[in-house]
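**Q** Got a structure here, written out as C-alpha coordinates. Questions coming.
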Amino acid sequence: AVRLRLDRTGNAAFLGTLRGALVDSSGKVVATVSSPLAVYYDMEPRLTAPLPVAGLPAGRYRLRIDVAAQREDLPPELVLATPPARDSLEVRLP
(Lines give C-alpha, C1' and ligand atoms only; values in the text may rest on other atoms or scores of the structure.)
Protein backbone atom coordinates (compact mmCIF):
# COMPACT_ATOMS: atom_id res chain seq x y z
CA ALA A 1 0.00 0.00 0.00
CA VAL A 2 1.19 3.52 -0.83
CA ARG A 3 -0.12 6.90 0.29
CA LEU A 4 0.10 9.81 -2.12
CA ARG A 5 -0.49 13.50 -1.49
CA LEU A 6 -2.72 14.77 -4.29
CA ASP A 7 -3.59 18.47 -4.35
CA ARG A 8 -6.32 19.77 -6.62
CA THR A 9 -5.49 23.16 -8.07
CA GLY A 10 -7.59 25.32 -10.33
CA ASN A 11 -11.32 24.91 -10.74
CA ALA A 12 -11.61 21.51 -12.42
CA ALA A 13 -11.18 17.95 -11.28
CA PHE A 14 -8.10 16.03 -12.38
CA LEU A 15 -8.89 12.95 -14.43
CA GLY A 16 -6.01 10.68 -15.23
CA THR A 17 -4.28 7.38 -14.73
CA LEU A 18 -1.91 6.27 -12.00
CA ARG A 19 0.77 3.87 -13.15
CA GLY A 20 3.25 2.08 -10.95
CA ALA A 21 6.34 0.09 -11.89
CA LEU A 22 8.44 -2.01 -9.53
CA VAL A 23 12.08 -1.96 -10.65
CA ASP A 24 14.82 -4.31 -9.43
CA SER A 25 18.42 -3.32 -8.64
CA SER A 26 19.51 -3.89 -12.25
CA GLY A 27 16.85 -1.45 -13.54
CA LYS A 28 14.54 -4.14 -14.91
CA VAL A 29 10.78 -3.56 -14.50
CA VAL A 30 9.49 -6.66 -12.70
CA ALA A 31 5.85 -5.67 -12.01
CA THR A 32 3.42 -2.98 -13.13
CA VAL A 33 0.00 -1.67 -12.17
CA SER A 34 -2.35 0.88 -13.73
CA SER A 35 -5.51 2.44 -12.30
CA PRO A 36 -7.88 5.27 -13.31
CA LEU A 37 -7.71 8.25 -10.98
CA ALA A 38 -9.96 11.25 -10.28
CA VAL A 39 -8.98 14.09 -7.92
CA TYR A 40 -11.94 16.28 -6.94
CA TYR A 41 -10.34 17.72 -3.77
CA ASP A 42 -7.02 17.56 -1.90
CA MET A 43 -6.55 14.04 -0.62
CA GLU A 44 -4.09 11.41 0.55
CA PRO A 45 -5.50 8.17 -0.78
CA ARG A 46 -4.16 4.80 0.31
CA LEU A 47 -3.58 3.01 -2.94
CA THR A 48 -3.64 -0.74 -2.67
CA ALA A 49 -3.67 -1.74 -6.33
CA PRO A 50 -2.01 -5.15 -6.41
CA LEU A 51 1.43 -5.51 -7.90
CA PRO A 52 2.19 -9.09 -8.91
CA VAL A 53 5.13 -9.64 -6.53
CA ALA A 54 4.60 -13.33 -5.79
CA GLY A 55 7.75 -15.21 -6.69
CA LEU A 56 10.04 -12.18 -6.69
CA PRO A 57 13.22 -12.62 -4.64
CA ALA A 58 13.57 -10.75 -1.35
CA GLY A 59 15.48 -7.51 -1.58
CA ARG A 60 15.35 -3.82 -2.39
CA TYR A 61 13.27 -2.48 -5.23
CA ARG A 62 12.24 0.96 -6.44
CA LEU A 63 8.56 1.76 -6.93
CA ARG A 64 8.14 4.39 -9.65
CA ILE A 65 4.81 6.21 -9.70
CA ASP A 66 3.52 8.22 -12.64
CA VAL A 67 0.25 10.18 -12.64
CA ALA A 68 -0.71 11.42 -16.10
CA ALA A 69 -3.77 13.15 -17.54
CA GLN A 70 -4.67 10.25 -19.82
CA ARG A 71 -7.65 7.92 -19.58
CA GLU A 72 -8.47 4.95 -21.79
CA ASP A 73 -12.14 5.12 -20.81
CA LEU A 74 -12.69 8.81 -21.73
CA PRO A 75 -12.35 10.74 -24.98
CA PRO A 76 -9.15 12.85 -24.94
CA GLU A 77 -11.14 16.10 -25.31
CA LEU A 78 -12.75 15.49 -21.88
CA VAL A 79 -9.41 15.24 -20.08
CA LEU A 80 -7.61 18.50 -19.29
CA ALA A 81 -3.98 18.45 -20.36
CA THR A 82 -1.51 18.73 -17.48
CA PRO A 83 2.13 17.79 -17.07
CA PRO A 84 2.61 14.33 -15.52
CA ALA A 85 3.59 13.98 -11.87
CA ARG A 86 6.28 11.44 -11.04
CA ASP A 87 7.86 10.13 -7.86
CA SER A 88 9.57 7.02 -6.60
CA LEU A 89 10.46 5.32 -3.37
CA GLU A 90 12.51 2.38 -2.23
CA VAL A 91 10.66 -0.70 -1.03
CA ARG A 92 11.86 -3.98 0.46
CA LEU A 93 10.33 -7.34 -0.18
CA PRO A 94 10.82 -9.76 2.70
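The values are calculated or read from the model by the stated rules, or taken from the named source; none is laboratory data. Bear in mind that the values here come from a model prediction, so they are computed numbers and not experimental data. No Cβ is skipped: glycine too gets one built from the backbone with ideal geometry, and neighbour counts run over all protein chains shown. Keep in mind that these areas ignore ligands, DNA and RNA; they rest on the heavy atoms of the full protein, side chains included. Shrake-Rupley method; radii C 1.70, N 1.55, O 1.52, S 1.80 Å.
**Q** So which GluC sites (Glu not before Pro) in the chain end up in coil per DSSP with only 14 or fewer other C-beta atoms within 10 Å?
**A** Counting only loop positions with at most 14 other Cβ atoms within 10 Å, the GluC sites (Glu not before Pro) in the chain are 72.
**Q** Mind checking which of 55, 1, 35 is farthest towards the positive end of the chain's charge dipole, using Cβ charges of +1 (Lys, Arg) and -1 (Asp, Glu) about the Cα centre?
**A** The listed residue farthest towards the positive side: 55.
**Q** Suppose the Debye formula is applied to equal point scatterers at every Cα of the chain; what is log10 I(q)/I(0) at q = 0.13, 0.18, 0.19, 0.25 Å⁻¹?
**A** -0.49, -0.84, -0.91, -1.34
**Q** Here's a follow-up. Counting only protein heavy atoms and a 1.4 Å probe, tell me what percentage of the chain's accessible area is made up of carbon and sulfur.
**A** On the chain, the fraction of accessible area on carbon and sulfur atoms equals 53 percent.
**Q** Are there chymotrypsin sites (Phe, Trp or Tyr not before Pro) in segment 28-91 that DSSP puts in a loop and that have at most 11 other Cβ atoms within 10 Å, and which ones?
**A** Passing both the DSSP loop test and the Cβ count: 40, 41.
**Q** Roughly how many nanometres apart are two label points built 7 Å out from the Cα toward the Cβ at residue 2 and residue 88?
**A** 1.1
**Q** For the chain, with every protein chain kept in place, what is the accessible area per residue (1.4 Å probe, Å²)?
**A** On a per-residue basis, 69 Å².
**Q** To continue, here is another question. Just flag the trypsin sites (Lys or Arg not before Pro) in the chain sitting in loop per DSSP whose Cβ has no more than 15 other Cβ atoms within 10 Å.
**A** Passing sites in the chain are 5, 8, 28.
**Q** Evaluate E = 1/(1 + (r/R0)^6) for residue 33 and residue 13, where r is the Cβ-Cβ distance and R0 equals 22 Å; express this FRET efficiency to the nearest 0.05. Working shown, then result.
**A** On the way: r = 22 Å, r/R0 = 1.01.
According to the calculation, E is roughly 0.50.
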